[in-house]
Amino acid sequence: MASRLSLSSAAAAVALISVALTLTAQPEAHAGANRIRLGSASDVSRASWNGPAFTMNGSGAVVPASMGRAITDISGGTGTIDVVVLAGSAPTSGSATPECDTVMSLTGVNSCTTWTLTAAADGNNSQVNADVRNAEFVYFAGGDQCRYAGWKGTALEASVESVVAKGGGSGGGSAGHHINSPIVYDACNGSVTSAEALANPYDRYVTFTTGMFQWPHYAGVINDSHFVTRDRMGRTMAFLARAVKDGLAPGGAAWGVGVEEGGSLYLDRDGTATQYGKDAYAVLADHQPEQAVDRKPLTYSGFKIWRLTPGSTFDFNNRPSCGYYQRSVNNGVADSGLYSGTPQTNCGSQTGGGTLTESEPNDTRDTADDATTLAAQAAVTGSMKSTTDRDYFKVSLNSGQSVQVDCAVPNAYDADLYWLDSTGSTLARSVNNGTGADESLGFTRTASGTGTYYLELEAYSGSGSSAYTCTATKS
């Protein structure tokens, strides 16, 4: 009996060791996709939508002015839309749904669902894809564009494309901005600086993903973010030289779109881009580089650069041949003054419908600055010079005509936006809380004839010389 007990004990010990080895050999458990939905539990149902529309943001946060316009353009100003935010990781502090918090504060939103997806396989999650296909806008959060590039070829890629195809939209900030260009700087080996990329455009950190999203009118583009703050013009130049040299862009020409933090490039269904918040840059490489080889510094003469200030427009459908300044790179050293320059030729069609700067005093309707002669898309600018400042701009609308007003407000103060009739009565308003909170509103004239209206910016808290920019688009 004792012998049998010894054999049994030995067998049990072997079994325990086997189990322990099996458990040790298992891969680390995947946390799984996480879903948080705000707003209505039911999706909007509608036969057709009026997009597509795209928001290309220089930092991760949603820019209310451009997002508000996307919502209005996609919905045609009637009804509401559903939004899905795709994130590669959860926020490390604060709200678990920062992008949806902003989206839900905007007019015309039925719901906003945040999906945190931490593995490439999550791109085939059936619930994720159902939510995306039922949405009208997909926003890629900031984070890691390499993780987003990992969704290439999954069901999620096709689902996002289906949203755009039905007249919805896509966009994102920082890493989410990168993934929305057809040539993606994916940073899968790590991030590269301008100095590193110019010293060697084939640096191991310079890697691309192509063939994922191909949005209308946006061919041959490489997006970049945090553009001025992190001095990324140089690396964008290296990316473009690589794209031309390696045949990544059609027709031998590659375009960079660099957006500054707080800025948003809004692209409408016709290919016209409007800049909101902070500056953006369109950079063109239209010939082969003089030198772009591994382990040697870049030499490239004559990059063409368009600086897009808030309120300005750029036609990606009919890309301009004027309005640019030029900068070069010689043996890895870029010219000075990369972020500003005098255009070689004027290109009026790329400056929006004009800009009207306030002239004080314009603190009442009687002293309002006259914006009635501005074009269908124009910008008005000014500042809240005191905590009691009010700025008025006079505007006219014809019967059946609509206006969308989107204001980029600097961080120095909190300003509220009002749309008034000729007697001063408020017809629409936008009063988002917080310094630097952007404001947006829309209005349609239903009465016959032409009516006079007033756009009012009112200081709610704070003041300063930093300028707000309000873009008014009539349709």
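The values are calculated or read from the model by the stated rules, or taken from the named source; none is laboratory data. Bear in mind that the values here come from a model prediction, so they are computed numbers and not experimental data. Glycine gets a Cβ as well: all are built from the backbone with ideal geometry, and neighbour counts include every protein chain shown.
As an exercise: evaluate Gly32 against (1) surrounded by 10 or more Cβ atoms within 10 Å (Cβ to Cβ); (2) out of contact with any Leu (no Cβ under 6 Å at 6 or more places or on another chain); (3) within 23 Å of Ser95 (Cα to Cα); (4) modelled with pLDDT of 95 or more and give the number of the one condition it does not meet.
All conditions are met except number (4).
Can you tell me which residues in segment 122-136 are free of Cβ contacts under 8 Å to residues at least 60 places away in the same chain and more than 9 Å from Val83 (Cα to Cα)? Lay out the reasoning, then the answer.
Looking only at segment 122-136, we keep the residues that are free of Cβ contacts under 8 Å to residues at least 60 places away in the same chain, and these are 123-124, 126, 129-130, 132-133.
Selection gives Gly123, Asn124, Ser126, Asn129, Ala130, Arg133.
For Thr92, all conditions in the list (1) in contact (Cβ under 8 Å) with a residue 40 or more places away in the chain; (2) closer than 23 Å to Glu261 by Cα hold save one; what is the number of the exception?
With respect to (1) in contact (Cβ under 8 Å) with a residue 40 or more places away in the chain; (2) closer than 23 Å to Glu261 by Cα, Thr92 is out only on (1).
Is there a residue in segment 111-119 that is at pLDDT 95 or above, farther than 30 Å from Gly190 by Cα and outside any helix (DSSP H, G or I)?
Yes, segment 111-119 contains at least one residue that is at pLDDT 95 or above, farther than 30 Å from Gly190 by Cα and outside any helix (DSSP H, G or I).
Could you grab me the full set of residues in segment 361-398 that are part of a loop (DSSP other than H, G, I, E, B) and at pLDDT below 90? It would help to see each step written out before you state the result.
Going through segment 361-398, the residues part of a loop (DSSP other than H, G, I, E, B) turn out to be 361-368, 371-376, 383-389.
Within segment 361-398, Pro361, Ala371, Thr372, Thr373, Leu374, Ala375, Ala376 qualify.
If you go through segment 149-174 one residue at a time, how many are assigned to a helix (DSSP H, G or I) and either farther than 14 Å from Thr207 by Cα or at pLDDT below 95 (or both)?
11
Here is a list: Phe303, Phe239. Which entry is in a helix (DSSP H, G or I) and buried (at least 20 other Cβ atoms within 10 Å of the Cβ)? Walk me through it before giving the result.
Working: Phe303 fails: in a helix (DSSP H, G or I).
Exactly one of Phe303, Phe239 is in a helix (DSSP H, G or I) and buried (at least 20 other Cβ atoms within 10 Å of the Cβ), namely Phe239.
Name the residue that is surrounded by the most Cβ atoms within 10 Å (Cβ to Cβ), counting only residues in segment 214-236 that are of a type outside the set (Val, Ile, Thr) and within 15 Å of the chain's Cα centre (by Cα). If you could, list the steps in order and put the result at the bottom.
Residues of segment 214-236 of a type outside the set (Val, Ile, Thr): 214-220, 223-227, 230-235.
Next, only the ones that are within 15 Å of the chain's Cα centre (by Cα) stay: 215, 218, 223-227.
Working: Trp215: 20, Tyr218: 21, Asn223: 31, Asp224: 24, Ser225: 28, His226: 20, Phe227: 27.
Only one residue fits best here, namely Asn223.
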